[in-house]
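The values are calculated or read from the model by the stated rules, or taken from the named source; none is laboratory data. Bear in mind that the values here come from a model prediction, so they are computed numbers and not experimental data. Quick reminder, even Gly has a Cβ in these numbers, built from the backbone with ideal geometry, and neighbours come from all protein chains shown. What goes into the accessible areas is simple: the full protein's heavy atoms, side chains included, and nothing from ligands, DNA or RNA. Shrake-Rupley method; radii C 1.70, N 1.55, O 1.52, S 1.80 Å.
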Amino acid sequence: MDRKVYFDNAATTPIRKEVIDSMHKILLKTYGNPSSTHSFGRSAKTQIEISRKSIAKHFNADPQEIIFTSGGTESDNMLLRCAVQDLNVLTIITSKIEHHAVLHAVEFLDENQLAKVSYVKTDAEGLIDFEDLEQLLKADKAKKLVSLMHINNEIGSILDLDRVSKLCQENDALFHTDAVQGVGHYAIDLEKVKIDFLSAAAHKFHGPKGVGFSYVRKNSELNPFILGGSQERGLRAGTESVHNIVGMANALEIAYDRIEEEQKYLKELKVYAIKQFSTSLPGVHFNGCCSDLERSTCTLINVALPVPEDKATLLNFHLDLKGIACSKGSACQSGSAKGSHVLEEVVPLSHRNKPSIRFSFSIFNTKDEIDYLIETLNSFIKK
Ligand SMILES: Cc1ncc(COP(=O)(O)O)c(C=O)c1O
């Protein structure tokens, strides 16, 4: 039988069986519209509110601060656009290595002269320059919003949320973090770390696709993002996806219940992968700081592979043929073809002609799968 190995968990994760079971129950029995006042509607509404409470608890947040959305992209768009429209934000400070859900949203605001956008410097490891951030924050008196991602989805670098939060508070700026890759994998205590807005998506922590949430700090006074009914305190109209919301809450509960053992497992897996890549593929380059477990997420590595140029274009095809799922990303040297905007910022010139690939892990991956990956890469390079 052909082997299948899934190393693309930063793109999306498989749903846990327990989560599917919880969703299945809702789909079968709790089909009322949560806005209906009869018993069917009330049951659905109850499930939503139980889920909201459960999600809020993991972040030390108030349930009313959790607004359900369709996922990371919607949350990023909602929070950035509402902050500008409703809170007099005139300048957004972000980085060039954010997800497109943030970058394209801020470009829209800039192009339409709704807010000015400044980009904080990042280094070759994908970490932000705090001195530059401070200077940007102090540049003028305009009301500012800092939007920086918690964990970079391509290279895995981790942002020091606490340090950014303190700088924002000192400079009277709002702070949004796209925590899509961090939620469910790392603990975030919103009582200890003052973050005004946060985006999350269930499908990155073994929950369903098409559902996520925005954390909106109390008294933020945002106006409706989607107009219509009065769901989600009027901020986000539309009949709630009850089974998805329940599935998300369930996935998050399991993720944070098992966070210690699962982080330990993932760290061991990543250490093993780094060792195998380093010893079996001389010349491999770990992009950003992804080989450093303190400063990068345990869920992924991003490597520039020592593949001869004439073979590079065939690599992804070959991995796919061998049943290995991963994400390609390249930093184009010429700039003629569109490469990854993140790798453009971090990959040194000496590695730009090599194919870069992200392998992202979950607790369903094994060391044996990593051995298979290394064998496959080795035989491809040597062939
Ligand atoms: C960091 C980050 N932000 C936002 C998104 C978009 O999330 P969604 O696919 O739920 O819209 C992703 C998805 O890959 C992501 O990794």
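A few remarks follow.
- Distance from segment 55-83 to segment 141-186 (C-alpha centre basis), Å: 14
- Overall shape: oblate for segment 202-245, with the ratio a/c of the largest to smallest alpha carbon gyration tensor axis at 1.5 or above and b/c at least equal to a/b.
- In sequence order, segment 113-123 has phi-based couplings of 6, 8, 7, 8, 10, 10, 10, 6, 5, 10, 9 Hz under the Karplus curve 6.51 cos²θ - 1.76 cosθ + 1.60, θ = phi - 60°, and Gly or Pro positions carry x.
- P(r) weight above 32 Å for the chain, C-alpha pairs, percent: 36
- DSSP-defined antiparallel bridges as percent of all bridges, the chain, nearest 5: 55
- Cross-link table K194/K328; K53/K96; K4/K383; K25/K204, entries beyond 32 Å C-alpha to C-alpha: K194/K328; K53/K96
- Spherically averaged projected area of segment 63-176 from its Cα convex hull (nm²): 7.3
- Restricting attention to segment 114-210, close to 20% of DSSP beta bridges with both partner residues there are antiparallel.
- All aspartates and glutamates inside 12 Å of K209 as judged from Cα atoms, apart from same-chain residues fewer than 8 positions distant: none
- Karplus-derived HN-Hα couplings along segment 142-151 (A = 6.51, B = -1.76, C = 1.60, θ = phi - 60°), whole Hz, x at Gly and Pro: 4, 5, 10, 10, 9, 10, 9, 6, 5, 10
- Reachable lysines from K267, criterion Cα separation under 16 angstrom, eight or more residues apart if same chain: K275, K367
- Near the amide H of L190, within less than 5 Å, lie the amide hydrogens of N60, all on another chain or at least 5 residues away, with H placed in the peptide plane.
- Listed peptides 245-253, 24-32, 231-239 by packing density, highest first (mean Cβ within 10 Å): 245-253, 231-239, 24-32
- Value of relative contact order over the chain, rounded to a whole percent, pairs C-alpha under 8 Å and six or more apart: 22
- For segment 231-321, the normalised intensity computed at q = 0.19, 0.20, 0.25 Å⁻¹ comes to -0.94, -0.99, -1.23 (log10 of I(q)/I(0), Debye sum over alpha carbons, equal scatterers, no solvent).
- The chain, accessible area per residue, ligands and nucleic acids excluded (1.4 Å, Å²): 45
- Share of carbon and sulfur in the accessible area of segment 17-257 stands at 49%, probe radius 1.4 Å.
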